[in-house]
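The values are calculated or read from the model by the stated rules, or taken from the named source; none is laboratory data. Since we're looking at a predicted model, the values are computed, not measured. Positions of Cβ are backbone-derived with ideal geometry, glycine not excepted, and every protein chain shown enters the neighbour counts. Protein only, heavy atoms only, side chains kept; ligands, DNA and RNA dropped before computing areas. Shrake-Rupley method; radii C 1.70, N 1.55, O 1.52, S 1.80 Å.
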Amino acid sequence: MPTTANRLDSFKAGDRFLNENSLQVSLGRRDPLTSKLILNSFYELSVNFADPQSRDRIINSFWVSLNYYLQKPLQVGIDYQVNFSDFTQRDREDQFHRLFGHLNYRISDTSNMNVQAGVSLGSSTAENIDFDGWFFSINYNLELGQF
């Protein structure tokens with residue numbers, strides 16, 4: 001069995017693991033239900049062209065988020081996302097679902113913190129793909145150049 005170093009040596013400078021380009025069309029909507037409760041919905045169609053071509057695919061994504069503003073800088077919400085991927089050059093289809101909660105805190109006019117936790121589920125016609133699992137993430141965002 002080759003060692004990790006031997007596998008890394010087989011790549012030459014400039015080699016890419018996956019070269020992918022895409023065309024995307026998206027549509028979003030924000031519906032205030034009350035002064036503090038907002039429903040966001042989003043759809044995106046993505047056509048991805050990859051090298052190797054066996055990774056070419058069409059992805060349909062749907063996302064819905066119910067957000068509640070507890071206080072001016074603090075927002076909580078629950079989200080649902082589903083993706084359907086159809087690989088165009090081989091017999092493979094994936095479906096991926098995520099259900100998660102989030103907490104957003106606006107620290108200043110140019111920074112905020114986001115915490116997410118949830119579950120992901122899915123299936124694929126490829127036997128070695130498993131989407132099932134839990135996730136947790138913490139993100140800090142800072143907008144540079146904003147005055």
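At a glance:
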{"quantity": "Amide H contacts of F131 (H built 1.01 Å from N, under 5 Å, at least 5 apart or other chain)", "calculated": "G122"}
{"quantity": "Hz values of 3J(HN,Hα) by residue in the range 87-98 - Karplus curve (6.51, -1.76, 1.60), Gly and Pro given as x", "calculated": "7, 7, 9, 8, 7, 8, 9, 10, 10, 9, 10, 9"}
{"quantity": "Contour minus Cα-Cα distance for D31 and I129 (0.36 nm per residue)", "calculated": "31.7 nm"}
{"quantity": "Given charges at beta-carbon only (K, R positive; D, E negative), |dipole| of the range 41-143 in Debye", "calculated": "380"}
{"quantity": "Accessible surface, the chain, averaged per residue in Å² (probe 1.4 Å)", "calculated": "73"}
{"quantity": "Derived scalar couplings ³J(HN,Hα) [the range 55-68; Karplus, 6.51 cos²θ - 1.76 cosθ + 1.60; whole Hz; x for Gly, Pro]", "calculated": "9, 4, 7, 10, 10, 9, 10, 10, 8, 9, 9, 9, 10, 10"}
{"quantity": "Derived scalar couplings ³J(HN,Hα) [the range 20-34; Karplus, 6.51 cos²θ - 1.76 cosθ + 1.60; whole Hz; x for Gly, Pro]", "calculated": "10, 10, 8, 10, 10, 10, 9, 9, x, 8, 10, 10, x, 8, 9"}
{"quantity": "Carbon and sulfur %, accessible surface of the chain computed with the full protein complex present, 1.4 Å", "calculated": "56"}
{"quantity": "Amide H contacts under 5 Å for A126, placed H, 5+ residues apart", "calculated": "E93"}
{"quantity": "Two-site label geometry, L103 and K72: point separation in nm, points 7 Å out along Cα→Cβ", "calculated": "2.1"}
{"quantity": "Dipole of the chain, positive direction: furthest Cα of G122, G77, G133, with charges on the beta-carbon", "calculated": "G77"}
{"quantity": "Correct choice for mean projected area of the Cα convex hull in nm² that was computed from the model, options [x] 7.6; [y] 12.9; [z] 8.2", "calculated": "[y]"}
